[in-house]
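Visitor: Quick one: the structure is below, and I'll ask about it shortly.
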């Protein structure tokens, strides 16, 4: 079973289309048989990254999309990753 450690910037790509998006989707695909390891602080960092995307001048995402992403984040992540302290 291949093991990948994904940091916050990689997991943001799971939800935001930018370079690396397709690769992260492939690694996180449950049928791929990968073990994905993430830090416990990652969920908080991802929420902060989404909030920052609303505040930046280019407004990469809307406040409504930020709220949806954050609300869906925890339910999406539970059971998918090996959590590292």
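Visitor: Can you show me the helix-derived [θ] at 222 nm for the chain, built from DSSP H runs with n ≥ 4 at -39,500 (n - 2.57) apiece and divided by the number of residues, rounded to the nearest 500.
Guide: Using -39500 (n - 2.57) per qualifying helix, the result is -16000 deg cm²/dmol.
Visitor: Further, regarding this structure: Can you give me the Cα centroid spacing of region 1-37 and region 58-76 in angstrom?
Guide: 18
Visitor: By how many degrees, between 0 and 90 and to the nearest 10, does the Cα long axis of helix 42-55 differ from the longest principal axis of the chain?
Guide: Value to nearest ten degrees: 30.
Visitor: Now a separate question. So how far apart, in nm, are the two label points at residue 62 and residue 80 if each is 7 Å from Cα heading toward Cβ?
Guide: Modelled inter-label distance: 2.3 nm.
Visitor: Along the three principal axes, how long is region 3-84 when you take its alpha carbons, biggest first, rounded to the nearest angstrom?
Guide: 38, 23, 17
Visitor: Relative to the longest principal axis of the C-alpha atoms of the chain, give the angle of the C-alpha long axis of helix 63-77, reported between 0 and 90° and rounded to the nearest 10°.
Guide: For helix 63-77, the angle is close to 20 degrees.
No lab work stands behind these numbers, since they all come straight from the coordinates. For clarity, every value in this text was computed on a predicted model and none was experimentally measured. Please note: Cβ atoms are built from the backbone with ideal geometry, for glycine as well, and neighbour counts cover all protein chains shown.
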